[in-house]
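Structure first, commentary second.
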Amino acid sequence: MTVDDEGTGSGHTGGPDADIGKGHGQFRRARFAWNGLTESWRTEQSFRTEVLCMVVAVGGLAWLRPAPVWWALVILACMTILAAELLNSALERLADRLHPERHEDVGAAKDMAAGGVFVLVIGATLLAALMLWDTLG
């Protein structure tokens with residue numbers, strides 16, 4: 001990971017095009033994304049927990065052997081939760097960096113982002129229940 005002009009260690013080297021990846025090759029942009037995944041793994045307990053839940057879910061799919069559509073739906077739900085968690089973590093980190101003191105609106109925005117992840121988790125739980133009902137019932 002490189003340290004940008006502000007010393008944040010974002011993986012980007014700064015400059016006007018650094019944030020949007022213009023002028024960088026596909027592999028370099030993929031490395032930025034990989035850096036985000038590894039940073040989230042290193043610093044976010046929720047992300048690690050959700051990855052573990054995904055591993056358990058895929059193990060359950062392998063054991064139950066449901067129809068292929070259930071595989072697709074469960075994996076899509078898990079990946080959507082992980083993506084939402086990454087966005088939630090990014091929003092929280094950015095909000096804390098830009099506004100380190102407590103503020104009602106910043107707290108509300110962070111709570112809403114966490115609520116978005118929670119809604120997806122509820123949906124995935126309902127999906128799992130439907131899959132079990134269809135597969136075992």
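The values are calculated or read from the model by the stated rules, or taken from the named source; none is laboratory data. Keep in mind that what you see is a predicted model, and the values were worked out from it rather than measured. In this analysis, Cβ positions are derived from the backbone assuming ideal geometry, glycine residues included, and neighbour counts consider all displayed protein chains.
Condition check ((1) assigned to a helix (DSSP H, G or I); (2) closer than 24 Å to residue 54 by Cβ) across all residues:
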{"position": "72", "(1), (2)": "yes, yes"}
{"position": "75", "(1), (2)": "yes, yes"}
{"position": "84", "(1), (2)": "yes, yes"}
{"position": "87", "(1), (2)": "yes, yes"}
{"position": "94", "(1), (2)": "yes, no"}
{"position": "102", "(1), (2)": "no, no"}
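The conditions of being exposed (fewer than 14 other Cβ atoms within 10 Å of the Cβ), over 15 Å from the mean Cα position of the chain (by Cα) and either in the same structural domain as residue 117 (by TED's automatic domain parsing) or farther than 29 Å from residue 131 by Cα (or both) are met by residue 72. Within region 53-77, residues that are at negative phi reach partners that are of a type in the set (Gly, Ala, Ser) with beta carbons closer than 6 Å, at six or more positions or on different chains, in the pairs 74/57; 77/124.
One residue alone among 25, 59 is out of contact with any Ser or Thr (no Cβ under 6 Å at 6 or more places or on another chain) and modelled with pLDDT under 95, and that residue is 25. Here the condition is being at pLDDT 95 or above and within 21 Å of the chain's Cα centre (by Cα); of 134, 111, it holds for 111 alone.
Residue 66 passes every criterion in (1) of a type outside the set (Lys, Arg); (2) within 30 Å of residue 136 (Cα to Cα); (3) assigned to a helix (DSSP H, G or I); (4) over 11 Å from the mean Cα position of the chain (by Cα) apart from (3).
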